[in-house]
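See below for the structure under consideration.
The values are calculated or read from the model by the stated rules, or taken from the named source; none is laboratory data. Note that the structure is predicted; figures quoted are calculated from it, not measured. Please note that ligands, DNA and RNA were not included when accessible areas were found on the heavy atoms of the full protein model with its side chains. Shrake-Rupley method; radii C 1.70, N 1.55, O 1.52, S 1.80 Å.
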Amino acid sequence: RNGIYPLMNFAVSRPHALPRVLSQPQEDPQKAKTPTPEPFDVETRKVVQMQCNLELNEDKSQWHLTLLLILEDKLHRQLSYDLLPTDNSKDLATELVHYGFIHEDDCEKLATFLESAFHKHRSPL
């Protein structure tokens, strides 16, 4: 009759007590300086279609990459990035796997696709 509101009567009346730590152990200063990277989700869907667009920025000093990936479940993933002169296709594909944007099996396929796009767009310059 009153919807979800009666469920609130079953809430715990007081928070659970957490055990206290008497003293914090001293950390190795070398370990404290290097942050631990956050774990990322692993992409389980594979890429079924890829599209790439490379454009020069307004000041014509840097390339802007727009990548459209269509995954197995018809999800469209659009990624964009300002390319650095030191960037290469293999490193970009490996980074996309690392951050969970593409499946590990698609890394080599995407690297080859990006490499051909780089040659196609950068060759006239």
| query | What length, rounded to one decimal in nm, is gained on full extension from His119 through to Val48, with 0.36 nm per residue of separation minus their alpha-carbon distance? | reply | 23.3 nm
| query | For the stretch 47-122, what % of the accessible area comes from carbon and sulfur atoms, probe 1.4 Å? | reply | 50
| task | Across the stretch 47-122, how many lysine pairs, 8 or more positions apart or on different chains, have C-alpha atoms separated by under 21 Å? Please give the number. | result | 5
| query | Ranked from the most accessible area to the least, with a 1.4 Å probe and all protein chains present, what is the order of Lys46, Lys60? | reply | Lys60, Lys46
| request: Run the numbers on the stretch 63-125 and let me know its relative contact order in percent, using alpha-carbon pairs under 8 Å that are six or more apart. | output: 24
